[in-house]
Amino acid sequence: QVQLVQTGGGLVQAGGSLRLSCAASGRTFSTTIMGWFRQAPGKEREFVGFRYSDGRTNYADSVKGRFTISRDNPTNTVYLQMNSLKPEDTAVYYCAADPSGTYSHPSSYRAWGQGTQVTVSS
């Protein structure tokens with residue numbers, strides 16, 4: 001199995017930036033595709049973006065142009081850089097790995113980070 005440990009997050013004002021990290025260990029060959037999701041209170045977990053090992057990315061329309069997923073291969077760490085944050089970006093953010101199926105759907109992923117809170121104040 002692959003283990004995912006997240007760091008980062010916190011409180012930021014609208015318009016600010018944050019970077020989340022997701023470090024993978026164990027069966028890191030299962031991290032060819034890494035996804036990011038978020039879940040706001042009372043809402044379902046929603047797709048943020050995913051990244052292929054070759055660098056191609058796919059983002060939800062709500063974050064396109066503001067969020068960027070990158071990866072540091074030597075450390076098996078994936079990052080979610082979030083710029084121009086809005087109050088509606090407030091949620092618990094999760095990284096995910098080892099998908100089987102539709103990469104934009106959370107049920108496709110078999111490994112999850114512990115989640116990290118991002119709060120954007122207006």
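The values are calculated or read from the model by the stated rules, or taken from the named source; none is laboratory data. Not measured: the values here are computed from a predicted model. In this analysis, Cβ positions are derived from the backbone assuming ideal geometry, glycine residues included, and neighbour counts consider all displayed protein chains. Just so you know, the surface numbers come from the protein's heavy atoms only, side chains and all, with ligands and any DNA or RNA stripped out. Shrake-Rupley method; radii C 1.70, N 1.55, O 1.52, S 1.80 Å.
Descriptive notes on the structure:
- Net charge contributed by nearby residues that have their C-beta within less than 13 Å of MET34 (K/R +1, D/E -1): +1
- Value in Å of the Kirkwood radius, where the stretch 1-77 supplies the Cα pairs that are averaged: 13.8 Å
- Additional length obtainable on full extension of the chain from ASP72 to GLN114, 0.36 nm per residue less Cα span: 13.1 nm
- Relative contact order computed over the stretch 11-122 (Cα-Cα under 8 Å; 6+ residues apart), in percent: 35 percent
- Counting only DSSP beta bridges whose two residues both lie in the chain, roughly 90 percent are antiparallel.
- Modelled FRET efficiency - R0 30 Å, THR102 with ALA14, Cβ distances, 0.05 increments: 0.40
- Cα centre as origin, Lys/Arg/Asp/Glu Cβ charges: the chain dipole, Debye: 80 debye
- Top of GLY26, GLY35, GLY49 by mean-square fluctuation, Gaussian network on the chain, Cα under 10 Å: GLY26
- Annotation for GLN1 and ASN83: the two label points, set 7 Å from Cα along the Cα-Cβ direction, are 3.7 nm apart.
- Å² of accessible area per residue within the chain, as computed with a 1.4 Å probe and no ligands counted: 50 Å²
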